[in-house]
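The next block holds one structure in the form of structure tokens; read it before the comments.
The values are calculated or read from the model by the stated rules, or taken from the named source; none is laboratory data. Only a predicted model underlies this, so the values are computations on that prediction, with no experimental measurement involved. Backbone-built Cβ (ideal geometry, glycine too); neighbour counts: all protein chains shown. Heavy atoms of the whole protein, side chains included, go into the accessibility calculation; ligands, DNA and RNA do not. Shrake-Rupley method; radii C 1.70, N 1.55, O 1.52, S 1.80 Å.
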Amino acid sequence: MQIYMNGEMVPEQEARVSVFDHGLLYGDGVFEGIRAYNGRVFLLREHVDRLYDSARAIALEIPMTREAMREAVLETCRANGIRDGYIRLVVTRGCGTLGLNPYNCEDPQVIIIAAAIQLYPKELYETGLKIVTVGTARNHVEAINPRIKSLNYLNNVLAKIEAINAGVMECLMLNPQGYVAEASGDNVFAVRDGVLATPPTWCGALEGITRGKVMEMARETGYPVEERVMTRYDLYTADEVFLTGTAAELISVVEIDRRRIGTGEPGPVTGELLERFQRVIADSGDPI
Ligand code: PMP
């Protein structure tokens, strides 16, 4: 595998960051996960823009233009013969002293990995996911704002540990006030009486690119979409619940905290939107 590192393609064995990199020492950096489908990179501009917004929010200057970054993503796919896959874009703060001060770091590392993707097992799309609410709260918006896709994912890792320990693969995270935020790596939607609802980002959700696309598609299909403060009650009593994310696309949730959601099977609105989403990905994106 060829890895893009700071303007060059290097073999994976040689793609290394320093032990003094603040990305490693402090989780100080930002990242993106992007999909390639059928020889095209899906929503590349949106992902690169979010990366630069995350970087801006942590006062990290990415040493290249957005346009050069988009081209580097395509170049990395070409170098690895990737037509369908998952692209990981990472920008670390770089090396400085051992202290926290990011202003001593002068060489942010830009890394792009283009690889095959590991998905949820296909059966889960047919049966739906069972999830539980975890005790780990999503970060307060004035701690690490969940809108920042930073390399510090410990909050999500702790939630994932709780989920796995409870015997499920995903979980529901609430914000510090107890309102629904998102899953550990996906956004959450509820459908009730033909209306879609998802928490606003200020409740502690990442501004998911898939979330945005699904909201747009749902409106075009004729389903009203609301960004609304939600409690677990809204999910327990929904007709359908589903998660959205770059890797997961749309996946149905059929049980939360041992409450069956709707009929206990993936619902028709989720199915319709997933089908529509799959049509959209089949013929859009930047050609590799
Ligand atoms: N929330 C979190 C915490 C995530 O890590 C992700 C995956 N990037 C998402 C939501 C979904 O966002 P997207 O649709 O942009 O992949």
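Condition first: open to solvent by less than 40 Å² (accessible area, probe 1.4 Å) and within 30 Å of E142 (Cβ to Cβ). Can you find one or more residues in the range 263-278 that meet it? Spell out how you get there, then give the answer.
Step one: of the range 263-278, the residues open to solvent by less than 40 Å² (accessible area, probe 1.4 Å) are 264, 267, 269-271, 273-274, 277.
Going one step further and asking which of them are within 30 Å of E142 (Cβ to Cβ), we end up with none.
No, every residue in the range 263-278 fails to be open to solvent by less than 40 Å² (accessible area, probe 1.4 Å) and within 30 Å of E142 (Cβ to Cβ).
For R70, indicate whether it is open to solvent by 20 Å² or more (accessible area, probe 1.4 Å), in contact with a Leu (Cβ under 8 Å, 6 or more places away or on another chain) and part of a helix (DSSP H, G or I).
On the way: open to solvent by 20 Å² or more (accessible area, probe 1.4 Å): yes; in contact with a Leu (Cβ under 8 Å, 6 or more places away or on another chain): yes; part of a helix (DSSP H, G or I): yes.
Answer is yes for this residue.
When only residues in the range 241-282 that are acidic (D, E) and farther than 18 Å from T231 by Cα count, which is farthest from the ligand (Cβ to nearest atom)?
Quick first cut of the range 241-282, residues acidic (D, E) only: 249, 255, 257, 265, 272, 275.
If we keep only those that are farther than 18 Å from T231 by Cα as well, we get 249, 265, 272, 275.
On the way: E249: 9, E265: 24, E272: 19, E275: 18 Å.
Selected residue: E265.
Considering each of R78, R88 in turn, give the residue that is in a helix (DSSP H, G or I), of a type in the set (D, E, K, R) and either surrounded by 13 or more Cβ atoms within 10 Å (Cβ to Cβ) or in contact with a helix residue (DSSP H, G or I) (Cβ under 9 Å, 6 or more places away or on another chain) (or both).
Working: R88 fails: in a helix (DSSP H, G or I).
Result: R78 is the single residue among R78, R88 that is in a helix (DSSP H, G or I), of a type in the set (D, E, K, R) and either surrounded by 13 or more Cβ atoms within 10 Å (Cβ to Cβ) or in contact with a helix residue (DSSP H, G or I) (Cβ under 9 Å, 6 or more places away or on another chain) (or both).
Would you mind finding the one in N165, N156 that is over 26 Å from G285 (Cα atoms) and within 12 Å of the ligand (Cβ to nearest atom)?
Working: N165 fails: within 12 Å of the ligand (Cβ to nearest atom).
Residue meeting the stated conditions: N156.
Contact list please: Cβ distance under 7 Å, first residue in the range 182-211 and closer than 23 Å to G262 by Cα and among the basic types (K, R), second residue away from the ligand (no atom under 12 Å from the Cβ) and part of a loop (DSSP other than H, G, I, E, B), pairs at least six apart or on different chains.
Listed pairs, sorted by first residue: R192/A238; R192/D239.
Output the residue which, of all residues in the range 130-153 that are more than 12 Å from the ligand (Cβ to nearest atom) and in a strand (DSSP E or B), is nearest to V254 (Cα to Cα).
Here the residue is K130.
State yes or no: is G96 in contact with a helix residue (DSSP H, G or I) (Cβ under 8 Å, 6 or more places away or on another chain), over 28 Å from F189 (Cβ atoms), open to solvent by less than 60 Å² (accessible area, probe 1.4 Å) and at pLDDT below 95?
Values: in contact with a helix residue (DSSP H, G or I) (Cβ under 8 Å, 6 or more places away or on another chain): yes; over 28 Å from F189 (Cβ atoms): yes; open to solvent by less than 60 Å² (accessible area, probe 1.4 Å): yes; at pLDDT below 95: yes.
Answer is yes for this residue.
Of the residues that make up the range 111-118, is at least one under 19 Å from the mean Cα position of the chain (by Cα), open to solvent by less than 70 Å² (accessible area, probe 1.4 Å) and farther than 21 Å from L206 by Cβ? Walk me through how you get there before you give the answer.
Looking only at the range 111-118, we keep the residues that are under 19 Å from the mean Cα position of the chain (by Cα), and these are 111-118.
Those left that are additionally open to solvent by less than 70 Å² (accessible area, probe 1.4 Å): 111-115, 117.
Subsequent filtering for residues that are farther than 21 Å from L206 by Cβ retains 114-115.
Yes, because at least one residue in the range 111-118 is under 19 Å from the mean Cα position of the chain (by Cα), open to solvent by less than 70 Å² (accessible area, probe 1.4 Å) and farther than 21 Å from L206 by Cβ.
Going by the structure shown, is A59 modelled with pLDDT of 95 or more, away from the ligand (no atom under 16 Å from the Cβ) and at positive phi? It would help to see each step written out before you state the result.
Details: modelled with pLDDT of 95 or more: yes; away from the ligand (no atom under 16 Å from the Cβ): yes; at positive phi: yes.
In short, yes.
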